[in-house]
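The values are calculated or read from the model by the stated rules, or taken from the named source; none is laboratory data. Since the structure is predicted, the reported quantities are computational estimates derived from the model, not experimental observations. Positions of Cβ are backbone-derived with ideal geometry, glycine not excepted, and every protein chain shown enters the neighbour counts. Heads up: the accessible areas ignore ligands, DNA and RNA and are worked out on the full protein's heavy atoms, side chains in. Shrake-Rupley method; radii C 1.70, N 1.55, O 1.52, S 1.80 Å.
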Amino acid sequence: MKLQFSPEQDAFRLEVRQWLAANVPKQKLPTYDTKEGFELHRQWEQKLFEAGFSMVMWPKEYGGRGCDLIDWLIFEEEYYGAGAPGRVNQNGQLLLGSTLLDFGTPEQKAHFLPRMASSEDMWAQAWSEPNAGSDMANISSKATLDGDHYIINGQKTWSTRAIYADWAFGLFRSQPGSERHHGLSFLLVPLNTDGVTIRPIKALDGEEAFAEIFFDDVKVPITNRIGDDGKGWHVAMATAGFERGLLLRSPARFQQPARRLVQLYRDNKAAADRDPAIAVAVSKCWSDAEAYALSAYNTVGRVNNGEKIGAESSLNKIFWSELDLLISQTAMDILGATGELLGSATLAQEHAYWLDAFLFAQAGPIYAGTNEIQRNIVAERMLGLPKK
Amino acid sequence: MDFTFSEDELLFRETIHRFLATEASPETLRDIWSGDTDASTLLSLIAEQGLSALSVPEEQGGLAMGDVAWSLMTQELGYHAIPDVFANSAYVATGLLTALDDSVSQKAELLERICAGDLGFAIGHSCSPLVADADSADTLLLQHADELHLLGAADVQTVPNPSIDFSRRLAQVSWNANPETCIVSGEAGGKIWNDTFNRGSISVAGQLLGLAQRMLDLSVEYSQQRKQFGKEIGSFQAVKHQLADVAGKIEIAKPVLYRAACSLENHHPLSDMHISQARNFCSDAAALAARAGIQVHGAMGYTWEVDLQMYVKRAWALNNTWGDSIMHRARVQDYVLNSDIDHAPSNTFEAV
Ligand SMILES: Cc1cc2nc3c(=O)[nH]c(=O)nc-3n(C[C@H](O)[C@H](O)[C@H](O)COP(=O)(O)OP(=O)(O)OC[C@H]3O[C@@H](n4cnc5c(N)ncnc54)[C@H](O)[C@@H]3O)c2cc1C
C-alpha cells in the first residue's frame, strides 16, 4: 500500500489543471437540458476531445488517451474541482462506451467509439418502458428479424436527453414468444430513422430532460446489434454494472459539492450554528465524500489487480445517491428563507447551483436502478439471502 | 498510488482468521464470559503461534509488522472478540515501547518479553478513568500529563469496575507519579502519548469493523434458518434491506480504516484526523450491525442465549474506548469546518 502519486501522475494532474484553467468557460453554460445548452455542451465536448481529454481511459485508437483508472480519477478531481461543464454525452461515453469496448466487434468499436469520444454522435439510453421500470426484464418493444435488418415496434420512456440525441441504445425483444431476460437483443438505433417519434417529458425542474421514444416499423441493420441475437440481457447487465459502479459518478462529483457546502457553512456560520445539527451534517457530507473517494481508489487498485466489481457496485450507488441528497438538503437548510429562489431572483447568489443540485439529487435514488432494487441485489448476491 | 494489500498480507489475514476461528470459538468466549475460565489459556495459545511478536522490532526478535497490516489483524481480533489485553500489549504497548529512545534502559528488555509471549501489559491514558487489565498486568504504562511512567503490579492499587462486556477487565488504578517511575516526559512524552492514543484508537476501529462483520454474518445465518409465515425471514425485504445497509456501512468503512493505518504508519501530518475519521465509520458500522442484528433475531436477540450478544456488547463497550465517539467526531468536525483549508477534490491524499 502506497498512498502517494507517482511523478508521472503528478505531471498528468498538472497538465490537466493547466489546460482546464485556460479553457473552462468563465460563464456557466446554460443547462444541457435545453437545445441551446445542449449545443454549447457539445462544442465543449469537442474542445475536450481535441485536447485529448474527452475519454482519458479509452485506448488511443478510439479517441482516448490510454490512461489507467488512477489517471481517470485524477482527471475527474481536476475536472470537477475546476467547475468544468457537466458531461452531456456521458450516458453514451461512460455506459455504452464501456459495453462496446467489452462486447463490440472491431468494426463497431472503430466506427462508434471515436465519434462518441468527440461527441459527433450524441447518445441516449433506451431501456425503460411504461411497463418495464424496475422490472426491466418485462420489456416488450419488439425487434423482428427481417433479412439483414431488424424492424422495431414499441415504446421506450424516460430516455435522458433523447430529444436532442443522435442515437439511442437499448434492449428489444427479438425472439418471438421469449420471456423475461431471454430473447432480448442489444441494439443501436439512429434517432433520425423513419418511424421514430420522440415526445419530450418535462422533469421536476420544468426542463425537457427526458423523453418517450415511439418506434413504428423502424428499420435497423443487424450490424447495429452488440453481442448475439437474444443475448442482450447479458450485455446490458454489464452496462448497468458500470453505470451503478464507478464510472458514472466519480468521487470528485461529490467532493466538489461537499467542498462548496463547507464554504457555504463557513460563510453563514452564525446563522447555521443556531442548530448544531447543521455543523454535524456538513462534516458528515465532507467525510462521506472523502470516504467515497478512498473507496474508489481502493476499488480501482483491486480492478488493476484483476478483481471484478460485483454487487458492491450496488452499495456504491446507494451511497453516492444518499450522500447527494444529504449534501443538497443541508445546503438548502443553510440557505433558509432564500433556498427556494430561482437563479433569476434578485437575491439569488449561488442559489441556482444548490437548487439544481437539490432537485437532481431527488432522482439519484431512482435512476440507474432504484435503491430498493440495489438493496435487494446486495442482500441476495452479496449476503446470499433467499430470493423469495 | 496503490491502495491494495499485498498477497502476503492477505494470506496472513486468512491464516489468522482460520486459527482464531478454531481457538476462539463462541463456546470458548462463553467460558471466558461466564468466568469458568480466564483468558489466559486462549492468550497462551495465541502467544505460542508467535503472534505477540508481530510488531516487535527485528532487533528484539520480532517481525516489525506495521499499522497497515495490523488493520487486517485488528479486524480479525474484533471478529473473534479476542479480549483487550492482546491488542493492547502486542500492538499498542509494543508501538509505545518501540517509539522510546534507545537510551531508556527498560526498552529492549520489555520488547523482548513481549516477543517471547508476555501479554501482561496495561496502558492507562487520560482519555479514560479506567485501565483495561490493570489488575492482572505485570507491567503498567501510565500517563501523568506528558509523562510516561512505568510501573509494576506491586506499585499500584486497583479496583475492578465490571463492564457489560464480560471479557473486559477494567479497573481504577491508584498510583503515585514519582521521578523514579517516569521514563519519558516533556515534548517527547507528549508525542509518545499522542501516537499511543492514535494507535489505541485505530486498534479499536479495526476491532469494531471486525465485530460489525461478525454480527452481520450471524444475522445473515440466523435469517437463513429462522422461518415464519412458511419461509425464511431472510426472504422478507424488510429484513434484507436492514442487512444490506449494514453491509454498506462495513464496505465504506474499510478504505477509511486502511487509509488511516497508512497515515499512522507513514507519519502523515493528518494522522489524528484520519484515525478519528476511521473510528467514526467503523463505529457507525458496528452500531448499525448491533441494532439490526438484535432486530432480525427477534426476541432471541434480547437473550443471553444467542452468541450475538457477546459481539454486540463488545461493540458497545469498544465504541467509547481509546477516545469516546464524541471526541472522535469532534476531531473530524473541527478539521473540516474550523480550519481554513480548501477541501478541493484533489486534496484527498494531501496534507494541505
Ligand atoms: C432522472 C432520470 C433519468 C432517467 N434516465 C433514463 C434513461 O436515460 N433511459 C432509461 O431507459 N431510463 C431512464 N430512467 C428511468 C429509470 O431507470 C427508472 O425510473 C427506474 O428503473 C425505476 O423504474 P420506474 O420509474 O418505472 O419505477 P417503478 O419500477 O415503478 O418503481 C416505483 C417504486 O417501487 C419500488 N419497487 C419496484 N419494484 C420493487 C421491488 N421488487 N422491490 C422493492 N421496491 C420495488 C421502486 O424502488 C420505486 O420506489 C431515468 C429516470 C430518472 C429519474
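Here the simple spin-label model places points 7 Å from the Cα toward Cβ, and for A:Arg381 and B:Ser103 these points are separated by 6.1 nm. Model label sites at B:Glu305 and A:Asp333, defined 7 Å from Cα along the beta-carbon direction, differ in position by 4.3 nm.
B:His149: net charge of surrounding residues, Cβ under 12 Å, Lys/Arg +1, Asp/Glu -1, itself excluded? Mind showing how you got there, number by number?
Numbers: positive: none; negative: B:Asp146, B:Glu147, B:Asp155, B:Glu180.
So the environment of B:His149 carries a net charge of -4.
Could you tell me the relative contact order of the range A:123-237? Use alpha-carbon pairs under 8 Å, at least six residues apart, and round to a whole percent. Working shown, then result.
Details: 293 pairs, mean separation 34.3, N = 115.
RCO, the range A:123-237: 30 percent.
Once A and B are treated as a pair rather than alone, how much accessible area drops out, both sides summed, in Å² to 100, probe 1.4 Å? It would help to have the intermediate numbers written out before the result.
Working: alone 18800 and 16260 Å², together 30600 Å².
The contact between B and A buries close to 4500 Å².
Going by accessible area, probe 1.4 Å, with all protein chains left in place, what is the ranking of A:Lys308, A:Lys156, largest first? Intermediate values should be presented prior to the final figure.
Working: A:Lys308 180, A:Lys156 0 Å².
Ranking A:Lys308, A:Lys156 by accessible area, largest first, yields A:Lys308, A:Lys156.
Between helix A:351-361 and chain A there is an angle of about 40 degrees, using the helix long axis and the longest principal axis of the Cα atoms. Computed extension length for A:Ser6-A:Thr197: 63.6 nm, one decimal, from 0.36 nm per residue of separation with the Cα-Cα distance subtracted.
Evaluate E = 1/(1 + (r/R0)^6) for B:Gln172 and A:Ala277, where r is the Cβ-Cβ distance and R0 equals 51 Å; express this FRET efficiency to the nearest 0.05. Intermediate results must be reported in sequence, preceding the final value.
Numbers: r = 36 Å, r/R0 = 0.70.
For R0 = 51 Å, the calculated efficiency reads 0.90.
Taken along the Cα-to-beta-carbon direction at a fixed 7 Å, the label points for A:Ala270 and A:Thr370 span 4.6 nm.
Taking the helices alone, chain B has a mean residue ellipticity at 222 nm of -17000 deg cm²/dmol, built from -39,500 (n - 2.57) per DSSP H run of at least 4 residues and averaged over all its residues.
Taking every residue in B:242-254 and counting other chain Cβ atoms within 10 Å of its Cβ, the average works out to 6. Direction-averaged projected area, Cα convex hull, the protein assembly as shown: 34.8 nm², rounded to one decimal. Counting only residues at least eight positions apart within a chain, or on another chain, the lysines with an alpha carbon under 25 Å from that of A:Lys35 are A:Lys26, A:Lys47, A:Lys156, A:Lys202.
Each Cα pair under 8 Å and six or more residues apart adds its sequence gap; the mean of these over the residue count of chain B is a relative contact order of 16 percent.
Given a 1.4 Å probe and every protein chain left where it sits, what share in percent of the accessible area of the range B:275-352 is carbon and sulfur?
Looking at the range B:275-352 in its full context, I get 55 percent from C and S.
In angstrom, the C-alpha Rg and Dmax of chain B are 20.4, 71. Kindly express, to the nearest 10 degrees and within the range 0 to 90, the angle between helix B:308-318's C-alpha long axis and the longest C-alpha principal axis of chain B. Taking Cα atoms only, the helix is inclined about 40 degrees.
Here the Kirkwood formula puts the hydrodynamic radius of the range A:140-274 at 17.4 Å, using every distinct Cα pair.
Please work out the Cα center distance from the range B:240-272 to the range B:102-146, rounded to the nearest Å. So the two Cα centres are separated by 28 Å. Tell me whether the range A:245-382 comes out rounded, prolate or oblate; compute the Cα gyration tensor, take square roots of the eigenvalues as a ≥ b ≥ c, and use a/c under 1.5 as the rounded threshold. Verdict is prolate for the range A:245-382. Interface residues of the range B:217-240, defined as those with an accessible-area decrease of at least 20 Å² between the chain by itself and the complete set of protein chains (probe 1.4 Å), are B:Val220, B:Gln224, B:Glu232, B:Gly234, B:Ser235, B:Gln237, B:Lys240. The relative contact order of chain A, computed from alpha carbon pairs under 8 Å that lie at least 6 residues apart in sequence, is 12 percent. Does the range B:188-347 come out rounded, prolate or oblate by the C-alpha gyration tensor, with a ≥ b ≥ c the root eigenvalues, rounded set by a/c under 1.5 and, if not, prolate when a/b is larger than b/c and oblate if not? Prolate, since a/c reaches 1.5 and a/b exceeds b/c.
Could the peptides B:225-231, A:183-189 be put in order, highest first, of the mean number of other beta-carbon atoms found within 10 Å of their residues? Write down the numbers at each step before the final one.
Numbers: B:225-231: 9.9, A:183-189: 24.1.
Highest to lowest by the protection proxy: A:183-189, B:225-231.
FRET efficiency for B:Gln49 and B:Ala153, Cβ-Cβ distance as r, R0 = 35 Å, nearest 0.05?
Details: r = 26 Å, r/R0 = 0.74.
The value I calculate is 0.85.
Per residue, the convex hull spanned by the alpha carbons of the range A:130-202 comes to 93 Å³.
The residues of the range A:123-237 expose, per residue, 45 Å² of accessible area to a 1.4 Å probe.
Where a ≥ b ≥ c are the square roots of the eigenvalues of the C-alpha gyration tensor, would you call the range A:13-132 rounded, which needs a/c under 1.5, or, failing that, prolate if a/b is larger than b/c, or oblate?
On the way: a/c = 1.83, a/b = 1.18, b/c = 1.55.
Oblate.
For the range A:7-88, the share of accessible area belonging to carbon and sulfur comes to 53 percent (1.4 Å probe, ligands and nucleic acids excluded). Per residue, the solvent-accessible area of chain B (1.4 Å probe, heavy atoms of protein chains only, all protein chains present) comes to 40 Å².
Taking a Cβ cut-off of under 15 Å around B:Asp245, the surrounding Lys, Arg, Asp and Glu residues balance to a net charge of -2, with basic ones at +1 and acidic ones at -1.
Note on B:272-282: average number of Cβ atoms from other chains within 10 Å of each residue's Cβ is 2.
Compute the long axis of helix A:252-267 from its Cα atoms, compare it with the longest principal axis of the Cα atoms of chain A, and write down the angle in degrees, 0 to 90, nearest 10. It works out to around 30 degrees.
Remark: the range A:52-61, residue by residue, has Karplus-estimated 3J(HN,Hα) of x, 10, 6, 10, 4, 8, 7, x, 4, 4 Hz, where x stands for each Gly or Pro and the curve is 6.51 cos²θ - 1.76 cosθ + 1.60 at θ = phi - 60°. Centre-to-centre separation between the Cα atoms of the range B:1-80 and those of the range A:325-359: 51 Å. Here A:Glu307 and B:Arg18 are evaluated by their C-beta separation; at R0 = 22 Å the FRET efficiency comes out at 0.50.
Solvent-accessible area per residue in the range A:245-382 equals 40 Å², computed with a 1.4 angstrom probe and all protein chains kept.
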